[in-house]
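We did not get these values from a lab; they are worked out from the coordinates using the rules stated. What you see is a predicted model, and the numbers here were worked out from it, not measured in a lab.
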Amino acid sequence: VYWPLFVLIFYFICPIPHFIARRVADDSDAASSACRELAYFFTTGIVVSAFGLPIILARVEAIKWGACGLVLAGNAVIFLTILGFFLVFGRGDDFSWEQW
């Protein structure tokens with residue numbers, strides 16, 4: 001059963017709102033902007049949807065509950081990795097990957 005692989009779509013579209021907000025927002029020194037807050041909102045919706053999809057699939061018995069648990073654990077690992085990447089490499093210090 002390959003239904004849980006649809007979660008991969010959420011992994012790919014999760015950083016897109018952040019990238020768009022970073023390009024659109026002109027005032028990078030501001031503590032908060034409406035564009036950045038909207039990007040956080042969309043990213044939160046994507047992450048919640050990624051956790052909700054396996055639960056829905058398990059409720060309609062398209063997948064087993066064990067597979068649902070494994071997908072939820074994988075979601076936690078992947079999204080924490082994405083968050084860690086943005087926390088480490090998202091700052092505007094002298095040497096960063098943003099220059100490339």
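Per residue of the stretch 54-68, in order, report the coupling 6.51 cos²θ - 1.76 cosθ + 1.60 (Karplus, θ = phi - 60°) as ³J(HN,Hα) in whole Hz, putting x for Gly and Pro.
Once rounded to whole Hz, the list reads x, 5, 5, 4, 6, 5, 8, 6, 7, 10, 8, 5, x, 5, 4.
Could you work out how much longer the chain between Val88 and Arg59 gets when fully extended? Use 0.36 nm per residue separation minus the Cα distance between them, nm to one decimal.
Details: separation 29, 0.36 × 29 = 10.44 nm, distance 3.72 nm.
In short, 6.7 nm is gained.
Amide H of Ile63 versus every other amide H placed in the peptide plane: which residues, excluding those fewer than 5 positions away on the same chain, fall under 5 Å?
Residues meeting the criterion, in which the H sits 1.01 Å from N, are Ala58.
Can you list the HN-Hα couplings for the stretch 73-84, worked out from phi with the Karplus curve (6.51, -1.76, 1.60; θ = phi - 60°), rounded to whole Hz and with x for Gly and Pro?
Calculated HN-Hα couplings, in order: 5, x, 4, 4, 5, 5, 5, 5, 5, 5, 4, x Hz.
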